Structures are given as structure tokens and as C-alpha cells.
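Worksheet: one structure, shown below.
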Amino acid sequence: QAPKISVHPERKLSKINDNIYGGFTEHMGRCIYGGLYDPDNANKHLIDENGFRKDVIEAMQELKVPVVRYPGGNFVATYHWLDGVGPQEKRPRRPELAWLGVESNQFGTDEFMKWCEIVGTEPYLALNFGTGTLDEALAWLEYCNSTQDTEYANLRRKNGREEPYKVKYWALGNECWGPWQVEQMTKEDYAKKAYQWAKALKLLDPSITLILCGETGHSTWDFYTLKECVRWDQHALGAGNITASLIDMHSIHIYTASDDPVKNAVAPRSAERAIEICSGLIDLARIENNVPASVPRQTICFDEWNVWDPQRAPGDQGAEERYTLSDALSVAIWLNVFIRQSKYVGMANIAQSVNVISPLMTSKEGVLKQTTWWPLLLFSKYMRGWTIATHVSCESYEGETEPKWLRAATDTPWLDVSATVNEDGWVSLMVVNVHLTESFDVELQGVKDGAVKVYTVAGKEWDAVNTSEQEPIGIQESEWDGKGLYKFPSLSITMLRWKL
Ligand code: AHR
């Protein structure tokens, strides 16, 4: 029996928030210095008058990145934003404790805001919950958003910016639960502090969107710590009636990876379970705290996701992971997960946007688009609008999974599928075939006969990589008449698009 995929464009399941295509730029490795900001590059044609990389800006614009998180990540736990504003020659150089480097502070708040304006993206700032104080956080919010005649708003004006930046998204710390954090916290300490900070920040600017620091929704590190992870998320969400009015989104982070190419590709389905579990916890907290229905339900902010093996690409060495075709399939499944779960996901940020575990790598001469760039581009360009109902029936991968419990928790079909319809009536069906050798001839129901546009990212070898010498992985475009079975090649990402 031929495998089947049915698509139902008339059944819109939920609106997709464009912010699922968000980015993340941390002061880590070559992300900021040498990535976004490269004033000393001898190839002057690559650099604009601000010292920004023009090729990186163009790439972000091509991706239509709607929102970018900054300045960390782990970096933020010792970051003092005042070090990074004002005349550059006066800014202090400081030891940096997350990645054990030195921070020159030549790139700071005003540079980031200008970069966002040029790219056409919204800033999302993370607050220092390590060595930072509430006073500092309030001062940063005032600097960015206030129109009053007050000290930090005036400092912004003195530094050349009259209008407020109107930063909407603010995170209450980053991975505060992690043993690697400066000032790691217990869930009780975190919940109390987050609640107090949230109260004060919203007094200063009630229009902001506050994002709570969750853990993973579940654990990808080790299944046996699941209970503890869930407890952090549950406690942070539920304690002190924090859900009632102050917190708008709940953040979780997961990185997936395996040396086995199929396990590697299907691993993001564990993120789907994380989203399901976490949204259950959001509901539970609302019920326990008697949150009235008029208060909007919090969404999940998946503000760090990607394929990353820290053994292969250690953080303190800049995490310049080289991505294979298997990683590209994995990124496509990550994005399928966000489309399928669009009801619950308000934002997602690939970690990271440039050089550090990134699809985009700079050299002094230009940018390289890694294998993972291509699915990201296809999704961000076309998979917007609404998630629509789809059904897939095909054989599943029956081997071991990473994490191990994944197979017990969910199916891992060879074909991973999601579909959308946009405002102009274009339907996009995304099919990822993770099989190493087998193509599948699939009966497609609900696809319109006639001109179907086809975009394929594929290769013969799962470990194919793009380098400055050769780029075997990219997008192939073709057309299909929509009749008969469609063959999805092994190791491929295929997008079929048609107008209703
Ligand atoms: O993205 C790299 C690092 O991974 C981030 O700094 C941290 O938040 C996570 O552990």
C-alpha cells in the first residue's frame, strides 16, 4: 500500500506567529565581533558606515527575521548594559565569565538597536539575573523605552537617540536553573525574584511583553531528570500567582544532536513533546491560580533551539558547528514541529544567527550558507499564515532514538509533515524524508491538479556539508502537474506549493 499524505487547506488549525522565525545574537565566539560587527575587516566593501557586516544584514533580510534576541544566552548573567553605551573609547574591557573571554563592549545597546532597524527586525532583550540588579534592569528599560525627562532616558538622548526604541520583548533571565550559570538559582528563588522584577518592570512600562525563564518543558539531557525539569517549569509558572497578569510568555530551550544520522534527524520530535507538556503546565498554572479567562493564555517562547553537539563544537571555542545534510533534515523537522504546534508557540529563536551554531558563517571574504540555511529560508519565506490539517500514513523508523524515550512518547514516521495556507491562498506542504536510502512514492490527497511548485533540498550523502570550496546542498526548483504519486527522495526536504 502506497504511503498517503492528505492535506486539508479548508481546515485551518491555528494562526502561525511570524516570530517563530526569530534569531538570536549573543556575545559569544564570533557572533557579534566578526559576525554582526566587523569594523576592522580589510574588505571595506563588506562593511557599512556603522562597522556592520552588509552581507550578514542582507542574509537576515532575505530570511525576513522578525525578532532577534540579545545579548545572551549565558553571557547575559554577568553583563552590565551601561558598560556598552556612550563613547566607544571610554567603554571598559571586562573579563567575560560565560565563555571565558574578554568583552570589549564596543558593541552595545545602541549598536544593536541600529542593527535591528537596518535589518528591519524587532529587538528582544534578556535581563541579567546573575550579577545584575533590579535597579539596573529598570534603568535599561527606561533607557530603551522612556519618553520622560529622567536620567536614563536623557542618557539615551545624550548618546544620540531622541526617540525611544520601544523594545517590546524582555526576558527575565536565561537558563537560571543551569549549573553553568553565574548565580544558578533554585526554582523557589527564581520564581520569587521573577515575580518581584516583573511587577516593577511592568509598573515602569506596562506595554512590554515579559518572558519567564523556563527549562526544557522536559529534559533532553537525561530522561531521569524529567521530573526536576517539569518541576522548575511548573513552579516558575505557578508560584505566587505569577501567571495572573505579569508574565506573557514562558521560555524553553532544547538542542538536539546525535552521531547517528537518522536519530539526529528525528530528535526534534522530542521538542514537540516538550511543547505539549509545557502547554499543559501553562493550563495547570492558570487553573490553580484561578486566572480569569479574560487574561490571554501564555504562549511558549522557544528562544533557543537548534542542532548542537557541544562535544563537537564546544561553547568556549566559539561553537562553530559544521552542519551536514542530516542536520538540515533535523532543522526542517524542528520547523515542522513549530508549524504543527503553532497554537502554543508565540516565538522561537534559532540559536544562533551568525557563526555560533549557525546556518550562516562569515569569513573575512564573505558569508557561507551552511546546509541548515536552506530549510530555514524555505520555511521563513513560505510557511506563514495558518497551520492546516494534514494526515500522514507511512512506515515509521523503528530504531533507537535520541533521547531514548522518544519512541515511547511519539511516532517517528519516515516522512515528517506539516502544511500551511497563507493570506493569498497559497498552500505549502513540507515533507521531510529521513530515510537514508529509500524514496517513497506517495499518494497525495488534497493537492490541486495543475502547476505545483516544487522546492527540494536533498543529497546522496547524509554527511554532505557546504564549504567555501563547494556547496552541494541548496534549493532545487521544479514543477509538478499534481497527478499520480509523488516520489519523495531519500534524505530530502521537499516543499510543494500551489494556489487554491
Ligand atoms: O546558544 C549557546 C548557549 O546555549 C547559550 O548561551 C545558553 O543560553 C545555552 O546554554
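Please treat every number below as a calculation from the coordinates, not as lab data. Because the structure is predicted, anything quoted here is derived from the model rather than measured. For neighbour counting, all protein chains shown are included, and Cβ atoms are generated from backbone atoms with ideal geometry for every residue, glycine included.
Listing for the model above:
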read-out	value
Cα-based helix-to-principal-axis angle, 109-119 vs the chain, degrees rounded to 10	30
Amide H contacts under 5 Å for Thr209, placed H, 5+ residues apart	Tyr169, Trp170
Gain in span if fully extended, Glu62 to Glu461, counting 0.36 nm per residue against the direct Cα distance	140.9 nm
Sequence-distant residues sharing a close amide H with Tyr165 (under 5 Å, placed H)	Asn145
Full-stretch length increase - Asp481, Lys54 - with 0.36 nm per residue and alpha-carbon distance subtracted	149.7 nm
Debye intensity ratio in log₁₀ form over the Cα atoms of region 1-125, taken at each q of 0.19, 0.22 Å⁻¹	-1.08, -1.38
Net charge of neighbours whose Cβ lies under 13 Å from the Cβ of Gln298, counting Lys and Arg as +1 and Asp and Glu as -1	0
For region 38-112: relative contact order, % (alpha-carbon pairs under 8 angstrom, 6 or more apart)	19
Antiparallel bridges, percent of DSSP beta bridges restricted to the chain (to nearest 5)	60
Whole-number percent relative contact order across region 48-198, with pairs defined as alpha carbons under 8 Å at least 6 apart	26
Total charge dipole magnitude, region 460-500, about the Cα centre, Cβ charges on Lys, Arg, Asp, Glu only, Debye to nearest 20	380
Relative packing of peptides 249-255, 179-185, 137-143 - highest average C-beta neighbours within 10 Å first	249-255, 137-143, 179-185
Burial ordering of Ile350, Ile300, fewest other beta-carbon atoms within 10 Å first	Ile300, Ile350
Percentage, to the nearest whole number, of Cα pairs in the chain over 29 Å apart	49
Folded to 0 to 90 degrees: helix 226-238 orientation relative to the chain principal axis, Cα	50
Most to least packed among 462-468, 75-81, 325-331 [average Cβ atoms within 10 Å]	325-331, 75-81, 462-468
From phi via Karplus (6.51, -1.76, 1.60), per-residue ³J(HN,Hα) for region 196-211 in Hz, x at Gly/Pro	5, 5, 4, 4, 5, 5, 6, 5, 6, 8, x, 7, 6, 9, 9, 10
Per-residue HN-Hα couplings for region 167-173 [Karplus 6.51, -1.76, 1.60; θ = phi - 60°; Hz; x = Gly/Pro]	6, 8, 9, 9, 9, 7, x
Relative contact order (%) - region 389-499, alpha-carbon pairs under 8 angstrom, separation at least six	31
Separation between Cα centres of region 158-190 and region 232-294, rounded to whole Å	19
Acute angle (nearest 10 degrees) that the helix 373-382 long axis makes with the longest principal axis of the chain, alpha-carbon atoms	90
Centre separation in Å (Cα based) which lies between region 1-68 and region 309-379	10
